1. Select from region B:124-147 the residues that are touching a strand residue (DSSP E or B) at 6+ places or on another chain (Cβ under 6 Å) and either assigned to a helix (DSSP H, G or I) or of a type in the set (Val, Ile, Thr) (or both) and list them in ascending order.
2. When you look at residue B:33, is it in contact with a strand residue (DSSP E or B) (Cβ under 7 Å, 6 or more places away or on another chain), surrounded by 15 or more Cβ atoms within 10 Å (Cβ to Cβ) and over 25 Å from residue B:113 (Cα atoms), yes or no?
3. Go through region A:29-69 and report how many residues are under 30 Å from residue B:185 (Cβ atoms), at the interface with chain B (Cβ under 7 Å from one of its Cβ atoms), part of a helix (DSSP H, G or I) and not hydrophobic (A, V, I, L, M, F, W, C).
4. Having 3 or more residues that are surrounded by fewer than 12 Cβ atoms within 10 Å (Cβ to Cβ), under 20 Å from the mean Cα position of the chain (by Cα) and within 14 Å of chain A (Cβ to nearest Cβ) is the bar; report the helices (runs of 4 or more DSSP H) wholly within region B:237-313 that clear it.
5. Going by the conditions given, is residue B:5 among the aromatic types (Phe, Trp, Tyr) and either part of a loop (DSSP other than H, G, I, E, B) or over 12 Å from residue B:94 (Cβ atoms) (or both)?
6. Determine whether residue B:12 is among the acidic types (Asp, Glu), part of a strand (DSSP E or B) and in contact (Cβ under 8 Å) with a residue 24 or more places away in the chain.
7. Among the residues of region B:189-219, write down those that are surrounded by fewer than 22 Cβ atoms within 10 Å (Cβ to Cβ) and either within 14 Å of another protein chain (Cβ to nearest Cβ) or assigned to a strand (DSSP E or B) (or both).
8. Only one of these is part of a helix (DSSP H, G or I) and within 30 Å of residue B:78 (Cα to Cα): B:150, B:114, B:184. Name it.
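The values are calculated or read from the model by the stated rules, or taken from the named source; none is laboratory data. Keep in mind that this is a model prediction, so the values were computed, not measured. Backbone-built Cβ (ideal geometry, glycine too); neighbour counts: all protein chains shown.
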Amino acid sequence: MKKEEIKLEAALDDLERIVSELEEGKMGLEESLDLYEKGMKLVKLCNVRLEGAERRIESLTGEVPPDLI
Amino acid sequence: MTQIFTVTDLNERIKDRLENDPRLHDLWAQGEVSNFVHHRSGHRYFTLKDRDSQISCVLFKNQADRLGFDLKDGLNILVYGDIAVYRPQGRVQLVARGIKQDVGLGFRHLQFEALKKKLAGEGLFDLERKRALPRYPERIGIVTSPQGAALRDVLRIIGPYPARIILSPAQVQGEGAEESIVSALLALQGQTDLVIVCRGGGSTEDLWCFNSEAVARAIIGCDSPVISAVGHETDVTIADFVADMRAATPTAAAKMAVPDIGELIEGLQQSQVRMMRALWTSLERKEERLEYLRHSISARRMYSMAADARQRLDYLGERLAAALAAELGARRARLELAQGRLAAVGPRATLLRGYAVVRSNHGLILRAKDASPGEVVELILGEGRLMCRVLEIKDGSEVFLD
């Protein structure tokens, strides 16, 4: 799966789960570090998606009005 | 067989038939007031007519007194009530239970109410039917006019939120608008997570296409949740009733559709901080645990461990001493035995076999380099000794006696 195809919703849900799991603090150090790393990757991924986003407008019929592109 | 009715019976029969027909109850009729009479009993009698036909109406005193305006000839009104037959005169009349002034939209209003009632009856406005909007839509379909301000309002709010915007152009007023909206909705099938149907403010006439049954059913048939935003706050259409979410304006619809991107980014930063803090907390907790364990070992356990060790050491020491003593005894016995055997063989026997012991003042000479040139060395043979002087040192291991 390419990075930009990962669903924002899925990524944010995963992130939320990881944060609460970390906050519960029931895991061993190794696992915590792994999760932390995974969480950071998700943060980065979401940030890239949110900040680097360009508006993609398409029209099913006819042209997209030029002032909207 | 031909039945002959009395007039009374006939009218009775007509009355029965008409008054028991539910389609002639709770109805709205639209027309113009004529022949208005305010009877001294307090009841009002008039004729409701349109271009081609007319019907007698009666409004009884108790209802009439609650009317907010004066009835008079020429007034366009909407009458709510039931059909009844006044038997003495055999007259079919509309018994009014409510009257509204018709401001020109009377018939449409009736249509609107009728459709609303019909769809509500089918359960299509029920809250249980409403689908939840996706939290982070990836594909947003917009059904509206590509030229309209509504589209621009929606896009301005969606802003940089990373979704695919799929515009499904529709004509949102005038002749053919209904069909256009229906096919624009259909065209989005299978392509969206969320659909916004919208148009900006306009006259009731302009917004009327959103009160169509076909549009309502197309919205219901959408495979993703639909937000409707038609006109301004005060405009409510059938589309609004069947949509999964009604927004007062296109701007409000867009705000419902996507989360605020600033808040999202802030949320991500929060997540980062929370994870870091959690990790630190967990590290600290482990450090504390380690500290605790170390402490408890030194203070409490070490003492008894040391005592145990000391005892064990004593025990081992005793065993070792005993073992050593036994070993020494055995060694001594073997040594004595070997000494006996050695005496029996003796070095003499070796010397007699042709070997010699060489020594100098410094002791035994085992290697050539232990001697120095010119030094006097003593050779002890099997019998007797030779005093010799060293002529040359030939160091190395290449010299062997076969």
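1. Result: B:140, B:142, B:143, B:144.
2. For residue B:33, the condition - in contact with a strand residue (DSSP E or B) (Cβ under 7 Å, 6 or more places away or on another chain), surrounded by 15 or more Cβ atoms within 10 Å (Cβ to Cβ) and over 25 Å from residue B:113 (Cα atoms) - is not met.
3. Matching residues across region A:29-69 total 1.
4. Values: elements: B:238-242, B:250-257, B:261-296.
Passing ranges, in order: B:261-296.
5. Yes.
6. Details: among the acidic types (Asp, Glu): yes; part of a strand (DSSP E or B): no; in contact (Cβ under 8 Å) with a residue 24 or more places away in the chain: yes.
The answer is no for residue B:12.
7. Scanning region B:189-219 gives B:189, B:190, B:191, B:193.
8. Working: B:150 fails: within 30 Å of residue B:78 (Cα to Cα); B:184 fails: within 30 Å of residue B:78 (Cα to Cα).
Going through B:150, B:114, B:184 in turn, just one is part of a helix (DSSP H, G or I) and within 30 Å of residue B:78 (Cα to Cα): B:114.
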